[in-house]
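Structure first, commentary second.
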Amino acid sequence: MAAPSKTTAPRVTRRTAQAADTRLHIVATARRLFAANGYVRTTIEGVAAESGVAVQTVYNSVGNKAALLSAVLDDAASGPNAPAQVLEFMRERTRQAPDLDALLAMLADWFVEVHQRTGTVLGVIAQAAAVDADVAKLEKARALQRLTRYHEAAAAVRERGGLTSGMTDEDAAAAIWSLGHPQAYRTLVNDAGWTPEAYREWILKALAAALA
């Protein structure tokens with residue numbers, strides 16, 4: 001009987017590593033320029049020049065201007081967890097929450113964490129969506145993506161004894177999405193002057209009330 005074959009991890013070549021580093025550098029440069037200059041005044045040519053690469057390298061590595069903005073959002077959302085994607089490390093955080101209180105506290109902490117990191121780029125996206133159809137599609141797609149992903153959080157809430165009022169997982173996902181919406185954070189913290197700590201206390205109570 002033949003011995004079972006061993007699965008080996010894909011070999012990372014020097015060229016692959018260099019390409020990944022180049023992409024990270026381009027995205028970091030774009031993030032800085034979008035924040036400083038806004039979407040309209042930031043150009044692919046400017047990003048390329050600031051990154052020290054050819055214009056075609058930006059297109060090959062990341063894509064067009066809307067794709068670049070999308071990559072900047074991913075980078076901001078992942079933060080110190082990069083290169084892990086948000087879905088990966090949030091699943092791990094959810095798995096580690098032993099009970100409902102811990103799960104809701106984790107969600108409250110996450111909303112503060114992610115909104116502080118992504119606030120600037122989401123503001124750029126909101127402004128750009130008014131003048132660029134591709135960014136408008138990006139904004140809509142990301143909102144729906146968050147709603148879909150919160151179905152996993154809703155299921156985790158149910159597994160830990162929540163949703164006793166009869167709320168469905170779909171409704172619970174919508175509640176999490178609405179309460180944790182970036183616009184709510186911007187309005188309460190940036191416009192109304194709440195501290196991030198006050199926002200966290202509010203959303204923790206709101207999540208507990210909605211998902212009990």
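Overview of values
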read-out: Matching residues in region 162-212 - criterion: being on the phi > 0 side of the Ramachandran plot and basic (Lys, Arg); value: none
read-out: Matching option when the condition is in a helix (DSSP H, G or I), in contact with a Leu (Cβ under 9 Å, 6 or more places away or on another chain) and surrounded by fewer than 19 Cβ atoms within 10 Å (Cβ to Cβ), among 92, 113, 88, 50; value: 50
read-out: Pairs, first touching a residue at least 24 places away in the same chain (Cβ under 8 Å) in region 185-211, second assigned to a loop (DSSP other than H, G, I, E, B) and surrounded by 18 or more Cβ atoms within 10 Å (Cβ to Cβ), C-beta under 7 Å, six or more apart; value: 203/180; 211/162; 211/163
read-out: Test for residue 151: is it touching a helix residue (DSSP H, G or I) at 6+ places or on another chain (Cβ under 6 Å) and in contact (Cβ under 8 Å) with a residue 40 or more places away in the chain; value: no
read-out: Leading residue by the ranking (surrounded by the most Cβ atoms within 10 Å (Cβ to Cβ)) among those in region 60-76 that are among the polar types (S, T, N, Q) and in contact with a helix residue (DSSP H, G or I) (Cβ under 6 Å, 6 or more places away or on another chain); value: 70
read-out: Cross-chain or 6+ apart pairs with Cβ under 6 Å, region 79-108 first and touching a residue at least 12 places away in the same chain (Cβ under 8 Å) and basic (Lys, Arg), then part of a helix (DSSP H, G or I) and surrounded by 14 or more Cβ atoms within 10 Å (Cβ to Cβ); value: 93/106
read-out: Single residue of region 1-47 satisfying the filter (part of a helix (DSSP H, G or I) and farther than 21 Å from residue 76 by Cβ) that is modelled with the highest pLDDT; value: 45
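The values are calculated or read from the model by the stated rules, or taken from the named source; none is laboratory data. Nothing here was measured: the structure is a model prediction, and the numbers come from that model. Every residue, glycine among them, receives a Cβ derived from its backbone with ideal geometry; neighbour counts consider all protein chains shown.
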